[in-house]
Amino acid sequence: MSENRDAPPPPVTADHRRQFDAYRYVYPVVARRSKGLSLGVNLNPDKRCNYSCVYCQIDRHVRRDLHHVDLDQLRRELLELTRYAAGGEIWKHPRFAPTPPPLRRLNDIALSGDGEPTCLPDFDRAVAIAADVRRSLNLDQLKLVIITNASQLDQPRVRRALPILDANNGEIWAKLDAGTQEYFQRINRPAPPVTLRHILANIAALAQGRPVVIQTLLVRLNDQEPSPQEIAAYCRNLQSILAAGGRIKLVQLHTTARPPAEDYVGPLSPEQLERIAQHVREAVGHDVPVEVYPSVPR
């Protein structure tokens, strides 16, 4: 089949490369869920993670050497790139020049990466660096976002970071992909001793102190969407967080947008996502918004 040279390029929101120019740790992404520019901070350049999700787009067959994150370099990169983005120069870069005007805004610094960011021993120091950069540039509206699988939220390094987040317009986006332990094992494949009960307890405890964003990735496994029983159990998990006094700021339902780790994994259709979203809205009530993010065309 010949290439369609008249086909439009993929939208800028489909480009989630974690590499930008010569930067080692910091990378800009125009993200649909951020509704603007997010400056990602890769705290796992060695790809270490305590999950092995079936939908993960990180190629873990090509391992990188164990790597100590150079916090001084991280600070320099983050300060330079944040200043570059906040001043608007980034929109002249060929990679970001096609960005639509409504998305030409700096929304957040997001600590994430090629693994689980909260596994970094110096995690609280990395959060403090992001907060210092934010303050030094007087970016009071800039968010600090932690994107996490929630497995380490009870660890001292994360607890030390929470007051820093709370004082600097911080948010935690916590992964919750399953309703049952069986499905949790099947889709997230966590390293022992992590269990779904542990994840739910961590999220509930966190949400009692500050609102949390729930991120859920929904997929087809062997061409089967999640069963009604699994979705019902997932909804009960959200209800249990609320019943424990936790606050959920937002539920984000999305699906795969890039090649997954396993070839039996596929995206849900927009109609399937919206049907599940309706069940979730009924479960959490009108006070908790539920957003749907279908797969991005490439």
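Values quoted throughout were computed directly from the atomic coordinates according to the rules given, and no laboratory measurement underlies them. Since we're looking at a predicted model, the values are computed, not measured. Glycine gets a Cβ as well: all are built from the backbone with ideal geometry, and neighbour counts include every protein chain shown.
How far apart, in nm, are the 7 Å Cα→Cβ label points at residue 17 and residue 67?
Label at residue 17, label at residue 67, 1.6 nm between them.
Per residue and in cubic angstrom, what volume does the convex hull of the Cα atoms of the chain have?
Working: hull volume 44.3 nm³, N = 298.
It comes to 148 Å³ per residue, whole-number rounded.
Mind listing the long-range amide H neighbours of residue 171? Cut-off is under 5 Å, sequence gap 5 or more, other chains count too, H placed in the peptide plane at 1.01 Å from N.
Residues meeting the criterion, in which the H sits 1.01 Å from N, are 144, 145, 146.
Computed FRET efficiency, Cβ-Cβ of residue 236 and residue 24, R0 35 Å: what is it to the nearest 0.05?
On the way: r = 43 Å, r/R0 = 1.22.
Given R0 = 35 Å and the Cβ-Cβ separation, E is 0.25.
Order by neighbour count: 25, 293, fewest other Cβ atoms within 10 Å first, most last.
293, 25
Once phi is turned into θ = phi - 60°, what whole-Hz ³J(HN,Hα) does the Karplus curve with 6.51, -1.76 and 1.60 give for every residue of region 127-139, x standing for Gly and Pro?
Result, rounded to whole Hz: 5, 5, 4, 4, 5, 5, 5, 4, 5, 5, 9, 6, 9.
Find the all-direction average of the projected area of the Cα convex hull for region 91-203, expressing the result in square nanometres with one decimal place.
Working: hull surface 36.4 nm².
Over every viewing direction, the Cα hull of region 91-203 projects on average to 9.1 nm².
Output the relative contact order of the chain, whole-number percent, from Cα pairs under 8 angstrom with separation of 6+ residues.
Numbers: 540 pairs, mean separation 53.2, N = 298.
So the answer I get is 18 percent.
Taking Cα pairs under 8 Å and at least six residues apart, what relative contact order does region 57-142 come out at, in percent?
Working: 30 pairs, mean separation 29.1, N = 86.
Relative contact order, region 57-142: 34 percent.
Would you pull out the residues with amide H under 5 Å of residue 50's amide H, same chain only if 5 or more places away, H placed 1.01 Å from N?
116
Is region 1-175 rounded, prolate or oblate when judged by the Cα gyration tensor, a ≥ b ≥ c being the square roots of its eigenvalues, rounded requiring a/c under 1.5 and prolate requiring a/b larger than b/c? Mind showing how you got there, number by number?
On the way: a/c = 1.80, a/b = 1.23, b/c = 1.46.
Verdict is oblate for region 1-175.
What distance in nm separates the two pseudo spin-label positions at residue 76 and residue 89, each 7 Å out from Cα along the beta-carbon direction?
Distance between label points: 1.6 nm.
What are the ³J(HN,Hα) values, in whole Hz, obtained from phi via the Karplus relation 6.51 cos²θ - 1.76 cosθ + 1.60 with θ = phi - 60°, for each residue of region 141-151 in sequence order, with x given for Gly and Pro?
Using θ = phi - 60°, the values come out as 8, 5, 7, 10, 10, 10, 9, 9, 8, 6, 6 Hz.
What ³J(HN,Hα) values, in whole Hz, does the Karplus curve 6.51 cos²θ - 1.76 cosθ + 1.60 give for region 240-252 when θ = phi - 60°, with x put for Gly and Pro?
Taking θ as phi minus 60°, the curve returns 5, 5, 5, 5, 7, x, x, 10, 10, 6, 6, 10, 10 Hz for region 240-252.
State, to one decimal in nm, how far the label point of residue 57 lies from the label point of residue 222, with both points 7 Å from Cα in the Cβ direction.
2.7
Charges on Cβ only, +1 for Lys and Arg, -1 for Asp and Glu, centred on the Cα centroid of the chain; of 78, 102, 222, which one is farthest towards the dipole's positive end?
It is 78.
For region 1-175, what's the relative contact order in percent, using C-alpha pairs closer than 8 Å and at least 6 residues apart?
Once normalised by length, the contact order is 22 percent.
Using amide H atoms built 1.01 Å from N in the peptide plane, name the residues 5+ places from residue 44, or on other chains, whose amide H lies under 5 Å from its own.
HN-HN under 5 Å from residue 44: 114, 115.
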